[in-house]
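The values are calculated or read from the model by the stated rules, or taken from the named source; none is laboratory data. These numbers come from a predicted model, not from an experiment. In this analysis, Cβ positions are derived from the backbone assuming ideal geometry, glycine residues included, and neighbour counts consider all displayed protein chains. These area figures cover heavy atoms from the full protein model, side chains too; ligands, DNA and RNA do not enter into them. Shrake-Rupley method; radii C 1.70, N 1.55, O 1.52, S 1.80 Å.
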Amino acid sequence: MVPEPLVLDPEETLTFCANSVAVGTTVVMPSCPPTVGRQLEAWGFDVAVCAVDEFLKAGGGCRCLTLALDERLDPPRPR
């Protein structure tokens, strides 16, 4: 979805910003460090910060709260 990987530093990873979900050109995330937001906007994305504090306490974030219906599941391989 993005032209190149966005590498996060250790502090940025602790904000759970990588646990985000893209809906069209909008990226929904629990928090957005300034450098991450600037890079996403440079790539043409809009950032929406959504408070999911209670879910973060349990180790989840925005992506964990979604049901991915656009994922393709391959049939199980025979054993």
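Structure notes:
- Listed by first and then second residue, the pairs linking a residue in region 6-21 that is of a type in the set (F, W, Y) to a residue that is surrounded by 11 or more Cβ atoms within 10 Å (Cβ to Cβ) and not in a loop (DSSP other than H, G, I, E, B), with Cβ atoms under 8 Å apart and 6 or more places separating them unless they lie on different chains, are F16/M29; F16/L56.
- The single condition among (1) surrounded by fewer than 10 Cβ atoms within 10 Å (Cβ to Cβ); (2) over 20 Å from L67 (Cα atoms); (3) of a type outside the set (D, E, K, R) that G24 does not satisfy is (2).
- Filter result for D70 (in contact with a Leu (Cβ under 9 Å, 6 or more places away or on another chain) and either open to solvent by 50 Å² or more (accessible area, probe 1.4 Å) or of a type in the set (S, T, Y) (or both)): no
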